[in-house]
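To start, the structure itself, in structure tokens.
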Amino acid sequence: MLQNEKVCFSGVQPSGNLTIGNYLGAIKNFATFSNDYRCFYCVVDEHAITVRQVPAELRRRTYETLALYIACGVDPEKNTLYVQSHVPAHAELGWVLNCFTMFGELSRMTQFKDKSARHADNVNAGLFTYPTLMAADILLYQTDIVPVGIDQKQHLELTRDIATRFNSVHPDTFTIPEPYIPQTGMKICSLADPTKKMSKSDENPNAVIYILDDRDTIIRKFKRAVTDSGSEVRMGEGKDGINNLITIYSVLTGKSVADIEREFEGRGYGDFKLAVGEVCADALAPVHARFDELMADKAGLEAIMKQGAENASRAAYRTLSKVKKKLGFVI
Ligand code: ATP
Ligand code: LTN
């Protein structure tokens, strides 16, 4: 790693089919950091098993998530793309950070509260300590910036607290990371209940646009999106459904909210929903084409993940050895 080179890190779980929430809130922004940062983008399979997975599906989705990174513009020549479980340093540092994280802090995490309510039969210790592994992911690379959706802000704050605590006992160990949360697109909402985050684990497929949905499905789902009883395409308090659609249209086209409101003045929700569907399908078409090519060459994807794991391991072990020395482990 070059001295003074800034580092960017992010991760996505291979726990389901990726949604336009994952795309607009996170992955779409990944490529924009490649010129100014050394970037590590990880498929976090170890995080995914905090919820039960079907092994064959987890394996397939790990390939798919890696392929989607690339199909969304993240160039494997310019970025380090890899799978979390291929770099054991993540789990090792995760253990150490468990010993620098308080039970009370983990108990306050809203993702833990949500997921333990949804998976009440499997509130395992890994689900509880999920954020310490996430902190390890980030801190291993001396990360400066972490592009994520707003739902991850609390985990980033905890990561900063853990790093600061460790540094206060063992000075100059970790860089304190900053989140990068996009202004527009930080929280894409469900099409069925626009007060809720769009989530890849939603059991209603009509609530979610998957990145890999075909054109007709995308247009049909937007047509059926829940909106209020009004008809004016205008952002407003309590108009969660239309606000969400305007946000999606705005991130996809780069148009401002004011311009969008002007463009659709005097036209109803029906026209607007169709326009959002078309713009979304157009934006995803090239992603689909590239994804299909990549998935047809599994050996190519395996070569990318192998190379990525080698690069990542080198950087990760530098931090891990420093941590072990500071702790007093015999190395
Ligand atoms: P799950 O639904 O299984 O909890 P998830 O999609 O929320 O999964 P990840 O796959 O780990 O979780 O998310 C990857 C990235 O996508 C994170 O940076 C997260 O903040 C972002 N993201 C997820 N959903 C949305 C959304 N609806 N709007 C904006 N960003 C999102
Ligand atoms: N916790 C994230 C996924 C994740 C992540 C990370 C994101 C795991 N490790 C490191 C950014 C950096 C999620 O559930 N969305």
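Looking only at segment 172-185, decide whether some residue is at pLDDT below 95 and assigned to a helix (DSSP H, G or I). Checking segment 172-185: not a single residue is at pLDDT below 95 and assigned to a helix (DSSP H, G or I). For G11, indicate whether it is within 15 Å of ligand 2 (Cβ to nearest atom) and either of a type outside the set (S, T, Y) or in contact with an Asp or Glu (Cβ under 7 Å, 6 or more places away or on another chain) (or both). For G11, the condition - within 15 Å of ligand 2 (Cβ to nearest atom) and either of a type outside the set (S, T, Y) or in contact with an Asp or Glu (Cβ under 7 Å, 6 or more places away or on another chain) (or both) - is met.
You will find that of L320, L301, L294, L274, the residue that is in contact with an Asp or Glu (Cβ under 8 Å, 6 or more places away or on another chain) and not in a loop (DSSP other than H, G, I, E, B) is L320 and no other.
A single entry from I181, I162, I138, I188 fulfils the requirement of being closer than 30 Å to C280 by Cβ, surrounded by 22 or more Cβ atoms within 10 Å (Cβ to Cβ) and of a type in the set (A, V, I, L, M): I188. With the condition kept exactly as written, say whether any residue in segment 47-63 is surrounded by 21 or more Cβ atoms within 10 Å (Cβ to Cβ), within 11 Å of ligand 1 (Cβ to nearest atom) and touching a residue at least 60 places away in the same chain (Cβ under 8 Å). Yes.
Within segment 1-31, being away from ligand 1 (no atom under 13 Å from the Cβ) and either surrounded by fewer than 19 Cβ atoms within 10 Å (Cβ to Cβ) or of a type in the set (K, R) (or both) holds for M1, L2, Q3, N4, E5, K6, A31. Being surrounded by 19 or more Cβ atoms within 10 Å (Cβ to Cβ), within 16 Å of T173 (Cβ to Cβ), in contact (Cβ under 8 Å) with a residue 24 or more places away in the chain and within 16 Å of ligand 1 (Cβ to nearest atom), is that true of even one residue in segment 111-133? Yes, some residue in segment 111-133 is surrounded by 19 or more Cβ atoms within 10 Å (Cβ to Cβ), within 16 Å of T173 (Cβ to Cβ), in contact (Cβ under 8 Å) with a residue 24 or more places away in the chain and within 16 Å of ligand 1 (Cβ to nearest atom). For segment 146-194, taking the residues that are of a type in the set (G, A, S) and out of contact with any Leu (no Cβ under 8 Å at 6 or more places or on another chain), the one that is farthest from ligand 1 (Cβ to nearest atom) is identified as S168.
Which of the residues that make up segment 207-246 are of a type in the set (S, T, Y), in contact (Cβ under 8 Å) with a residue 12 or more places away in the chain and closer than 17 Å to G268 by Cα? Steps first, please.
Narrowing segment 207-246 to residues of a type in the set (S, T, Y): 210, 217, 227, 229, 231.
Add one more test, that the residue is in contact (Cβ under 8 Å) with a residue 12 or more places away in the chain, and what stays is 210, 227, 231.
Within segment 207-246, T227, S231 meet the criteria.
The residues of segment 216-225 that are outside any helix (DSSP H, G or I) and surrounded by fewer than 17 Cβ atoms within 10 Å (Cβ to Cβ) amount to a single one, R224.
Just a yes or no: is a residue in segment 135-153 aliphatic (A, V, I, L, M), part of a helix (DSSP H, G or I) and more than 12 Å from ligand 2 (Cβ to nearest atom)? It would help to see each step written out before you state the result.
Of all residues in segment 135-153, those aliphatic (A, V, I, L, M) come to 135-136, 138-140, 145-146, 148, 150.
Next, only the ones that are part of a helix (DSSP H, G or I) stay: 135-136, 138-139, 150.
Subsequent filtering for residues that are more than 12 Å from ligand 2 (Cβ to nearest atom) retains none.
Within segment 135-153 (the criterion being aliphatic (A, V, I, L, M), part of a helix (DSSP H, G or I) and more than 12 Å from ligand 2 (Cβ to nearest atom)), the answer is no, since none of the residues qualifies.
Taking E105, is it within 15 Å of ligand 1 (Cβ to nearest atom), surrounded by fewer than 18 Cβ atoms within 10 Å (Cβ to Cβ) and among the acidic types (D, E)? It would help to see each step written out before you state the result.
Values: within 15 Å of ligand 1 (Cβ to nearest atom): no; surrounded by fewer than 18 Cβ atoms within 10 Å (Cβ to Cβ): yes; among the acidic types (D, E): yes.
So E105 does not fit the description; no.
The values are calculated or read from the model by the stated rules, or taken from the named source; none is laboratory data. These numbers come from a predicted model, not from an experiment. Cβ: placed from backbone, ideal geometry, glycine included. Neighbour counts: every protein chain shown.
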